[in-house]
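Encoded as C-alpha cells, the structure appears first; notes follow it.
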Amino acid sequence: MAWIKTTAEAEATGELAQAYASIRQQNGSVSNISEAASLNPRVMLALAELRSALRGPHCALGKLRQEMIAVLTSALHRCTY
C-alpha cells in the first residue's frame, strides 16, 4: 500500500481509466507500483513502457535471470512486494 494518495482502478475515470485499461491489457493485472503512479497517467504509462522494455521477452537475460534479479533486489531492500 502506497503512502501517497492514489486512485484505485475501480475509481478511475477519463485518461487514468484508459491508462489502467492499457496496463491491464498488457500485463493481465495492475501492480501496486502502477497504482502508485495514478496521480499522473502519463507517468503511469511511461513506467509500464520502461518495465516492458527492461523485462520483456526480448531481454537477453531471460525470464529466470530477470526473476532472480528481482527477488534479490527485493530482499536487499527488505521489500515484500
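The values are calculated or read from the model by the stated rules, or taken from the named source; none is laboratory data. Given the structure is predicted, the values throughout are model-derived calculations rather than measurements. FYI the Cβ positions are ideal-geometry reconstructions off the backbone, even for glycines, and counts take in every protein chain you see. Just so you know, the surface numbers come from the protein's heavy atoms only, side chains and all, with ligands and any DNA or RNA stripped out. Shrake-Rupley method; radii C 1.70, N 1.55, O 1.52, S 1.80 Å.
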Q: Kindly indicate the residue of region 43-56 that is charged (D, E, K, R) and within 15 Å of ARG24 (Cα to Cα) and also least open to solvent (accessible area, probe 1.4 Å) among those meeting that condition.
A: ARG51
Q | Search result, residues across region 12-31 that are surrounded by 11 or more Cβ atoms within 10 Å (Cβ to Cβ) and not in a loop (DSSP other than H, G, I, E, B) | A | GLU15, LEU16, ALA17, GLN18, ALA19, TYR20, ALA21, SER22, ILE23, ARG24, GLN26, ASN27
Q: Run down GLY14, GLY56 and say which single residue is of a type outside the set (Val, Ile, Thr) and modelled with pLDDT under 90.
A: GLY56
Q) Among all residue pairs at least 6 apart or on different chains, which show Cβ distances below 6 Å where the first residue, located in region 10-31, is under 17 Å from VAL43 (Cβ atoms) and the second is among the hydrophobic types (A, V, I, L, M, F, W, C) and assigned to a helix (DSSP H, G or I)? A) ALA19/MET44; ALA19/LEU45; ILE23/ALA48; VAL30/ILE23
Q: Considering (1) exposed (fewer than 13 other Cβ atoms within 10 Å of the Cβ); (2) in contact with a Cys (Cβ under 9 Å, 6 or more places away or on another chain), say which one GLN66 fails and leave the rest.
A: (1)
Q) When the residues of region 72-81 are filtered to those that are of a type in the set (A, V, I, L, M) and surrounded by 10 or more Cβ atoms within 10 Å (Cβ to Cβ), which remaining residue is nearest to GLU11 (Cα to Cα)? A) ALA75
